[in-house]
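Everything on this sheet refers to the single structure shown next.
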Amino acid sequence: MNPYIARIKDLSNHLDPQVRSEMEGGFVDKKFSKGACLLRPGQICTAHLLVKDGIARKYYRHHDKEITTEIYFHDDVAVSLDSYIMRKPADVHIEALTDLEVTIIDYSRFLSVKKKYSEVMMLDKMFIEYYAVWFEQRLKEFQTMDASERYLNLLEKEPKIVQMLPVTIMASYLNVSLETLSRIRSKMTTT
């Protein structure tokens, strides 16, 4: 588990029982079937979706091409942060890649609880910090690594992505063509 996520879980587990109960009172568990769309462009993202089981992805369409920007596994939070924070229509899709079980954390409910309790505000701040650090690292990888290095980095950091995802989505996530990904993978197995 990522050390930052461990800190967030630790803080969450040590909340006052009353605060925790009030915060979790707005949580709803829900299951989605593979292929279900959890967010579409034009909708406002009204919740964090905490993945309990399964895999989801965030992607957008550009020139009739799907570009995967994020992949979510157990304990990841699926959200269009831009839409969620700015309360504006999303320009991305969030899709269930497998049967999916999530905890839906409603924006309005969470907002009212975090205004009341500084500990919950700290949790929210930590989630946003975690996302900002992750995003900065991903951007750096795209600016400093070639396709082979990005693939090797992905293998090292997230081996489950390579094992569980269709190659089309993995290629999109790495921002390479299927042919390039195939060449990279072939080269890795022959060396």
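The values are calculated or read from the model by the stated rules, or taken from the named source; none is laboratory data. Keep in mind the model is a prediction, meaning the values are calculated, not measured. Quick reminder, even Gly has a Cβ in these numbers, built from the backbone with ideal geometry, and neighbours come from all protein chains shown. The accessibility values were calculated without ligands, DNA or RNA, using every heavy atom of the protein model including side chains. Shrake-Rupley method; radii C 1.70, N 1.55, O 1.52, S 1.80 Å.
Structural remarks
- Above-threshold pairs, the threshold being 23 Å between Cα atoms, out of 34/157; 88/160; 88/114; 31/115; 125/160: 34/157; 88/160; 31/115; 125/160
- Percent RCO, i.e. relative contact order, over region 5-108, from Cα pairs under 8 Å lying at least 6 residues apart: 40 percent
- One entry in (1) 10.7; (2) 11.5; (3) 9.7 is mean projected area of the Cα convex hull in nm² calculated from the shown coordinates; its label is (2).
- Surface analysis of the chain yields an accessible area of 58 Å² per residue, using protein heavy atoms and a 1.4 Å probe.
- Sorted on the mean count of surrounding Cβ atoms within 10 Å across their residues, most packed first, peptides 151-158, 29-36 read 151-158, 29-36.
- Nearest-ten-degree value, helix 118-144 long axis tilted from longest Cα axis of the chain: 10 degrees
- The chain, helix-only ellipticity at 222 nm - DSSP H runs n ≥ 4, -39,500 (n - 2.57), divided by all residues, nearest 500: -16000 deg cm²/dmol
- Ranked by the mean number of other Cβ atoms within 10 Å of their residues, highest first, the peptides 109-118, 42-51, 141-150 fall in the order 42-51, 109-118, 141-150.
- Relative contact order for region 42-191: 23 percent, from Cα pairs under 8 Å spaced at least 6 residues apart, divided by residue count.
- Portion, in percent, of the accessible area of the chain that falls on carbon or sulfur, probe 1.4 Å: 54 percent
- Helix 178-190 axis, angle to the chain major axis (alpha carbon atoms, nearest 10°): 70 degrees
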